[in-house]
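The values are calculated or read from the model by the stated rules, or taken from the named source; none is laboratory data. In this text, all values refer to a predicted model and were calculated from it rather than measured experimentally. Note that we place each Cβ from the backbone using ideal geometry, even for glycine, and neighbour counts take in every protein chain shown. The protein model used for the area step is the full one, side chains on, heavy atoms only, and it has no ligands, DNA or RNA in it. Shrake-Rupley method; radii C 1.70, N 1.55, O 1.52, S 1.80 Å.
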Amino acid sequence: MNGGGCHMSGEGGDSRGGESGSRPTITLEDLDAFNEDDFDSDLCSSGGADGENDAMEEESRDRLLNYWQDIGRVHHVQVPQDMAQPIQQLTSDTESTTDREKVPFTLITCKENYEKRVYNQASWACITVREDTYEQSICAGFMKLMRYICQQNTSGNYLGMTLPIVTVVRTDDSRSSLSRDVTVAYYLPSKHQDQPPTPFDPDITMETWPATVVYSRSFSGPTTETSILGEIHALGEVLDSPQLCVSESFIVAGYTSPAAAHRHNEVWFLERC
């Protein structure tokens, strides 16, 4: 794993040929599809003394972790013990996506196949990872960001989810393969923008991304290496002046639960400064 900073105009990373390997990975679909109600309801409904409540909470947390570790073994991904609290916190977060804070932007142009937007300067928590496949990289990066969001920061508080969660991907010159280096980034909620809590994890960096002009195209379905390359090609074909954009770095933005029947994703081209 290769830690490092990230920018909307991110660079670097050796490209690799071919499609992602067939080895399965733990995915965000698993996180969003899971519901604590799937466990015995008496864990949540029983009353009792504080000690009994603490014991039930600990049991519930352990059962959640065991559930994820079982998934991890199937997908050949290790889910460590210290993921118990982040998993429990995000699982119990019942806010709908319509209630979550979104990254603000100004819409400049709305065409049939894409939008032109301006995103203001903002603070992001970023981590760059380098795993065997794109899917494994975003999984590893998101688990680290989960820890940061769920109290492993200098504020000691749960920061709250924002939308979209973005990944910065890099391609070779022909845009036929993705680099193994993938950056996963989390937009800090507005109340933390001026003074972002510092992460305990040294692999996570706090970055100030400059104001950027973005060309965005929506798409649905899973975000795999193959689908992302296809969407990059599709957006490049409909832009009037694709040469104005960064040619080797792109952003994939996810707005809805990956487990949803109708998923909302976007691919972003970044205009050169």
Between Asp62 and Cys273, the two model label points (7 Å from Cα along the beta-carbon direction) sit apart by a distance in nm of 5.2 nm
Taking 0.36 nm per residue of separation between Gln243 and Asn157 and subtracting their Cα-Cα distance, the length gained on full extension comes to 26.6 nm
With the range 105-271 reduced to its Cα atoms and the Debye formula applied, log10 I(q)/I(0) at q = 0.18, 0.19 1/Å amounts to -1.22, -1.33
Amide H contacts under 5 Å for Phe219, restricted to residues at least 5 apart in sequence or on another chain and with H modeled in the peptide plane, are Asn265, Glu266, Val267
accessible surface per residue for the range 105-271, probe 1.4 Å, DNA/RNA/ligands not counted, whole Å² -> 39 Å²
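Could you please state how large a percent of the accessible area of the range 116-273 is carbon and sulfur, counting protein chains only and using a 1.4 Å probe? Walk me through the numbers on the way to the answer.
Details: 2890 of 5940 Å².
Exposed carbon and sulfur together represent 49 percent of the surface.
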With all protein chains in place and a 1.4 Å probe, Glu266 shows an accessible area in Å² (nearest 10) of 10 Å²
